[in-house]
Amino acid sequence: MKIHSTQFVKGIIGDDEILHKKKPEIAFIGRSNVGKSSVINSFLNARELARTGKKQGKTTEINLFLVNEKYYFVDLPGYGFAEGGQESREKIRAMIINYFTRKTDSIRCTVVILDAKVGITDYDRDMLEILFDNGRSAIVVLNKTDKLTQKEVSQAVRTIANEFPELEVFPYSAKLSKGAGRILERVIQ
Ligand SMILES: Nc1nc2c(ncn2[C@@H]2O[C@H](COP(=O)(O)OP(=O)(O)OP(=O)(O)O)[C@@H](O)[C@H]2O)c(=O)[nH]1
Ligand SMILES: [Mg+2]
């Protein structure tokens, strides 16, 4: 897919009329700081479309970006952010659950982003269960592979494949953005 337009539409915290527009949505979820916003920017070739940061918990709303006037790319707040405290963690978890359990078939694909160095955590397992229980199709993007050796990357991919054989896993680095096109084709198919 050639990107010819990207536009920030709005940030929402719950249900919103925009979620009823029936445009295909590509959702991006993952623990806080794994690089969700960076992955979106790298896919769209837009450096600061989705705001990124060194501080965790940068994205606190559900941010929607309109791509090629056709798709919504949805940047969800990061889950499992320890410093945010239990209350804020639960609020974010509830926000994500509401997004995925709402009655819609607009969610085309969910991209679950993991930090290659950390791998899969119980927070991710919890989210994958929510996705599977709601019949949402998902792929995994193993981000920040630039921090690992090739051998460590293969090992990390294998570990995930062993636990979730049904999940497609794409090693990736938002920093290098190599192979973005191939993943993008997969998520909009
Ligand atoms: N080395 C490296 N750093 C990355 C990569 N992707 C993201 N980062 C860095 O990781 C930090 C967090 O990136 P964000 O894109 O803000 O992460 P996020 O998942 O959106 O974070 P929240 O919005 O807080 O949930 C930033 O300092 C990024 O520059 C990557 O592929 N490689
Ligand atoms: Mg973010």
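The values are calculated or read from the model by the stated rules, or taken from the named source; none is laboratory data. Everything numeric here is computed off the predicted structure, so don't read it as measured data. Ideal geometry is used to build each Cβ from the backbone, glycine not excepted, and the neighbour counts take in all protein chains shown. Just the protein is used for accessible areas: all its heavy atoms, side chains included, with ligands, DNA and RNA removed. Shrake-Rupley method; radii C 1.70, N 1.55, O 1.52, S 1.80 Å.
What are the residues in region 87-115 that are out of contact with any Pro (no Cβ under 8 Å at 6 or more places or on another chain), farther than 20 Å from E129 by Cβ and of a type in the set (S, T, N, Q), if any?
Scanning region 87-115 gives a single hit, S88.
Pull out all pairs, ordered by first then second residue, where Cβ-Cβ is under 9 Å, the residues are six or more apart or on different chains, the first lies in region 177-189 and is surrounded by fewer than 16 Cβ atoms within 10 Å (Cβ to Cβ), and the second is among the acidic types (D, E).
R186/E168
Where in region 34-145 are there strands (runs of 3 or more DSSP E), lying fully within it, with 1 or more residues that are within 24 Å of I160 (Cβ to Cβ), more than 16 Å from ligand 2 (Cβ to nearest atom) and open to solvent by less than 20 Å² (accessible area, probe 1.4 Å)?
Details: elements: 62-67, 71-75, 107-115, 138-143.
The strands (runs of 3 or more DSSP E) meeting that bar are 107-115, 138-143.
Give the residues of region 116-149 that are out of contact with any helix residue (DSSP H, G or I) (no Cβ under 7 Å at 6 or more places or on another chain) and over 25 Å from N41 (Cβ atoms), sorted by residue number.
Selection gives D122, R125, D126, E129, F132, D133, G135, T149.
Looking only at residues in region 7-32 that are open to solvent by 60 Å² or more (accessible area, probe 1.4 Å) and within 16 Å of ligand 1 (Cβ to nearest atom), which one is modelled with the lowest pLDDT?
Ranking the candidates gives I13 first.
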